[in-house]
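Taking it in order: structure first as structure tokens, then the write-up.
The values are calculated or read from the model by the stated rules, or taken from the named source; none is laboratory data. All of these numbers come straight from a predicted model, not from anything done at the bench. Because the Cβ atoms are built from the backbone with ideal geometry, glycine has one as well, and the counts that use them run over all protein chains shown. Surface areas here come from the heavy atoms of the whole protein model, side chains and all, with no ligands, DNA or RNA. Shrake-Rupley method; radii C 1.70, N 1.55, O 1.52, S 1.80 Å.
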Protein chains: 2
Amino acid sequence: MQSSERQKEIVAAVFNLISDQGIQELTIKKIAQAVGVSEPAIYRHFESKSDILAAVVDEMIAHRNTTFARISGNSAATTLASFFTVQSILFEDLPALTIMLFPEDLFRNDTVLLTRIMDTMKDTLGRIRELLQAGIDEGSFRPDLDRDAVALMLVGGFRLLVSSWRLDPASGRLKEKTRRFIDGVWPLISR
Amino acid sequence: MQSSERQKEIVAAVFNLISDQGIQELTIKKIAQAVGVSEPAIYRHFESKSDILAAVVDEMIAHRNTTFARISGNSAATTLASFFTVQSILFEDLPALTIMLFPEDLFRNDTVLLTRIMDTMKDTLGRIRELLQAGIDEGSFRPDLDRDAVALMLVGGFRLLVSSWRLDPASGRLKEKTRRFIDGVWPLISR
DNA sequence: ATTTGGTTAGTTAACGTTCGCAAACATACT
DNA sequence: AGTATGTTTGCGAACGTTAACTAACCAAAT
């Protein structure tokens, strides 16, 4: 089922609202105001608030898949580094998308959405472990790498980096911070 | 101002409730039920819901300070490893305390609380950077370590580890997972 | 003529919070 | 010891607000 213009507009507004004020503060009223219509008009395009959040999750997953599609085709080490830089560029352009990184608390009261998003995150971690293994195989990374630990470090570290940038955007460009992070980590895992 | 027995009881109940259901689901009604009194009775012990959350933050900060006090006195490398193991033991004993690690989204609508908790987190990162520097100075860690990047990696990785354990406690003991994480990371940063 | 997308004016339920009153309890006086 | 008194801690009922959502209606487009 493909979404109409208004539906896209609503989902985009929800991204911004969650990003700015957190999901606790997300109300139909605010969504309607952001889009510029009355509250009931929202219900012409989505059956319920839960339905809207499902569409938000859909878009988050689609963005992740796009990212993975864009970075593949290089060496494992390059692909892995690109995963973070591509996301940092995306987030700098559309900061609202950073909520993708912190979904656990967002949908805690919606089991279905939570399961979907957590499965996606597990898959992401799995892909990064695979990239680490491929990097070992191609001779870029230390052969004694603990792939589980390093995958946690990389993803967790990046998340923390992004969240601190979001809380204090004046501290510098995310892309630059990400580059420094990768430059700091790579010597540790390269052989 | 020291807190009464009932106040402690209420704060403990709030930790559990937030940990189980998230802060969006936290209501005075549920707190009252958990403690076993009526809703208005809660207001005999706290002026407002916001007041209760402030007490929760106080306890989170107190726990952090206790942790740092307990681990100091060893070599920098040992102290740093202990920081994570001590917390993993604490979290396994009282899983509700894991919300300490993910405070950003919790208090997004309360500027004062958010600022306090974020300052505490910045301080924690700073202390870890200091421990890394001390570890370099005492010859345990690689002298070329990027302390900013490694501090992010360590804290971010641990957070991710804890959050995945919380979502699937059947996957094993947190203390054991933490030990494996440290064992995987230490060879990368040791010299 | 019916679908589409909008409106105003509700409903219902849940929220944080307050009010007035009654036990329970400690303290003080006889 | 027994009674008076004030404070603490509880309760049921209710208040004001806001949430998600619905009903009924209307205008333009297909």
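Look through A:ARG108, A:ARG180, A:ARG129, A:ARG159 and report the one residue that is assigned to a helix (DSSP H, G or I), within 11 Å of another protein chain (Cβ to nearest Cβ) and open to solvent by 60 Å² or more (accessible area, probe 1.4 Å).
Being assigned to a helix (DSSP H, G or I), within 11 Å of another protein chain (Cβ to nearest Cβ) and open to solvent by 60 Å² or more (accessible area, probe 1.4 Å) holds for just one of A:ARG108, A:ARG180, A:ARG129, A:ARG159, which is A:ARG180.
Look at B:ILE52 and say whether it is farther than 30 Å from B:ILE189 by Cα and not assigned by TED's automatic domain parsing to the domain that holds B:ALA151.
Answer is no for this residue.
Condition check ((1) more than 16 Å from DNA strand C (Cβ to nearest atom); (2) surrounded by fewer than 14 Cβ atoms within 10 Å (Cβ to Cβ)) across all residues:
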residue: A:GLN2; (1), (2): no, yes
residue: A:GLU5; (1), (2): no, yes
residue: A:GLN21; (1), (2): yes, no
residue: A:LYS29; (1), (2): no, yes
residue: A:GLN33; (1), (2): no, no
residue: A:ILE42; (1), (2): no, no
residue: A:GLU59; (1), (2): yes, no
residue: A:LEU80; (1), (2): yes, no
residue: A:SER88; (1), (2): yes, no
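Could you please give the count of residues in segment A:8-19 that are open to solvent by 30 Å² or more (accessible area, probe 1.4 Å) and within 13 Å of DNA strand C (Cβ to nearest atom)?
We begin by selecting, within segment A:8-19, every residue open to solvent by 30 Å² or more (accessible area, probe 1.4 Å); these are A:8-9, A:12, A:16.
Checking which are within 13 Å of DNA strand C (Cβ to nearest atom) leaves us with A:8-9.
Residues flagged as open to solvent by 30 Å² or more (accessible area, probe 1.4 Å) and within 13 Å of DNA strand C (Cβ to nearest atom) within segment A:8-19 amount to 2.
Only one residue in A:ALA81, A:ALA96, A:ALA12 is within 13 Å of the chain's Cα centre (by Cα) and either modelled with pLDDT under 95 or more than 15 Å from DNA strand D (Cβ to nearest atom) (or both), so which one is that?
On inspection, the qualifying residue turns out to be A:ALA96.
Say we look at segment B:32-52 and pick out the residues that are polar (S, T, N, Q) and more than 12 Å from DNA strand D (Cβ to nearest atom); which of these is farthest from the chain's Cα centre (by Cα)?
We begin by selecting, within segment B:32-52, every residue polar (S, T, N, Q); these are B:33, B:38, B:48, B:50.
After this cut, where a residue has to be more than 12 Å from DNA strand D (Cβ to nearest atom) as well, the list is B:48, B:50.
Values: B:SER48: 24, B:SER50: 20 Å.
Among residues in segment B:32-52 that are polar (S, T, N, Q) and more than 12 Å from DNA strand D (Cβ to nearest atom), the one farthest from the chain's Cα centre (by Cα) is B:SER48.
Every residue, every condition in (1) within 13 Å of DNA strand D (Cβ to nearest atom); (2) among the β-branched types (Val, Ile, Thr); (3) more than 14 Å from every other protein chain (Cβ to nearest Cβ); (4) out of contact with any strand residue (DSSP E or B) (no Cβ under 6 Å at 6 or more places or on another chain), yes or no:
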| site | (1), (2), (3), (4) |
| --- | --- |
| A:ASN16 | no, no, yes, yes |
| A:THR27 | yes, yes, no, yes |
| A:LYS30 | yes, no, no, yes |
| A:ALA54 | yes, no, yes, yes |
| A:ILE61 | no, yes, yes, yes |
| A:THR66 | no, yes, yes, yes |
| A:ARG70 | no, no, yes, yes |
| A:ALA76 | no, no, yes, yes |
